[in-house]
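Peer 1: One structure coming up, written as structure tokens, with questions to follow.
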Amino acid sequence: MWLSLETTGSDGPQFPGTRLTGHGQVRTHMNMARKALAPTPPVPSLPCACANMRRAARAVTQLYDAALRPSGLRITQFTLLQVLATAGAPMTQGALGDFLAVDSTTLSRTLRPLERAKWIRRVEGSDARERRIELAGLGRRALERATPAWERTQRRLRAGLGRRDWAALQEVLTAAVEAVRRA
């Protein structure tokens with residue numbers, strides 16, 4: 001990879017390799033040759049199951065967030081929209097938190113921008129005191145726009161793991177949540 005910057009002004013070159021246009025702008029020229037990626041070292045296992053799961057969750061979250069960035073969604077927001085879309089009916093915040101294993105404070109913080117963007121709305125429940133959350137039309141459209149990037153990332157991760165490990169991962173993660181709830 002090489003980067004060439006040239007700056008020239010009325011008084012000649014200003015900075016080797018950089019070019020300043022007549023409007024005080026810097027022109028850059030980049031040539032990025034594709035290099036083979038160096039093999040990554042193995043990731044050592046940590047002695048704590050929680051630390052291993054959190055590290056994996058952070059790595060996977062970064063992958064999905066990067067893929068979803070052009071849509072303006074983070075994976076946490078995408079997941080909430082996706083759950084509300086598949087629920088088929090408005091959900092209470094408590095039921096949504098239980099389903100996702102998310103505490104009330106974190107869920108409220110994640111729902112707030114979705115509500116401001118009018119991607120979700122709160123509706124009256126079975127009694128006047130109960131408020132439920134449902135996916136709004138704008139949220140459905142945001143979800144539809146982001147879904148192709150999410151699907152590509154799912155395929156990429158599935159390919160990286162292989163079919164057997166992908167299925168095992170889904171099973172083990174679900175079993176871990178169930179085990180924690182029984183503990």
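Peer 1: Restricting the search to region 38-61, which residues are outside any loop (DSSP other than H, G, I, E, B) and of a type in the set (Ser, Thr, Tyr)?
Peer 2: Listed by number, the list holds a single entry, 61.
Rundown of residues vs (1) surrounded by 12 or more Cβ atoms within 10 Å (Cβ to Cβ); (2) not basic (Lys, Arg), yes/no style:
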position	(1), (2)
148	no, yes
154	yes, yes
158	yes, no
166	yes, yes
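Peer 1: Ok, one more. Checking residue 134 against (1) under 19 Å from the mean Cα position of the chain (by Cα); (2) assigned to a strand (DSSP E or B), which single condition isn't satisfied?
Peer 2: Residue 134 satisfies every listed condition except (1).
Peer 1: Would you confirm whether or not region 161-182 contains a residue that is of a type in the set (Ser, Thr, Tyr), assigned to a helix (DSSP H, G or I), touching a Phe, Trp or Tyr at 6+ places or on another chain (Cβ under 9 Å) and assigned by TED's automatic domain parsing to the domain that holds residue 68?
Peer 2: no
Peer 1: Show the residue pairs that are 6+ apart or on different chains and have beta-carbon atoms under 6 Å apart, the first residue being within region 40-62 and more than 17 Å from residue 172 (Cα to Cα), the second being part of a helix (DSSP H, G or I).
Peer 2: Filtered contacts from region 40-62: 46/52; 61/75.
Peer 1: I would also like to ask the following. Take residue 67 and decide whether it is outside any loop (DSSP other than H, G, I, E, B), more than 18 Å from the chain's Cα centre (by Cα) and at pLDDT 90 or above.
Peer 2: So residue 67 fails the test.
Peer 1: Continuing with this model, one more query. Enumerate the pairs (first residue in region 79-94 and touching a residue at least 60 places away in the same chain (Cβ under 8 Å) and under 22 Å from residue 57 (Cα atoms); second residue anywhere and surrounded by 19 or more Cβ atoms within 10 Å (Cβ to Cβ) and not hydroxyl-bearing (Ser, Thr, Tyr)) with beta-carbon separation below 7 Å, excluding pairs fewer than 6 apart on the same chain, so at least 6 apart or on different chains.
Peer 2: 81/119; 81/135; 81/139; 81/142; 81/143; 82/143
Peer 1: Does residue 40 meet the test of being outside the structural domain of residue 148 (by TED's automatic domain parsing) and among the polar types (S, T, N, Q)?
Peer 2: yes
The values are calculated or read from the model by the stated rules, or taken from the named source; none is laboratory data. Here the structure is a predicted model, which is why all the values come from computation and not from measurement. When we count neighbours, we look across all protein chains shown, and the Cβ atoms used for this are built from the backbone with ideal geometry, even at glycine.
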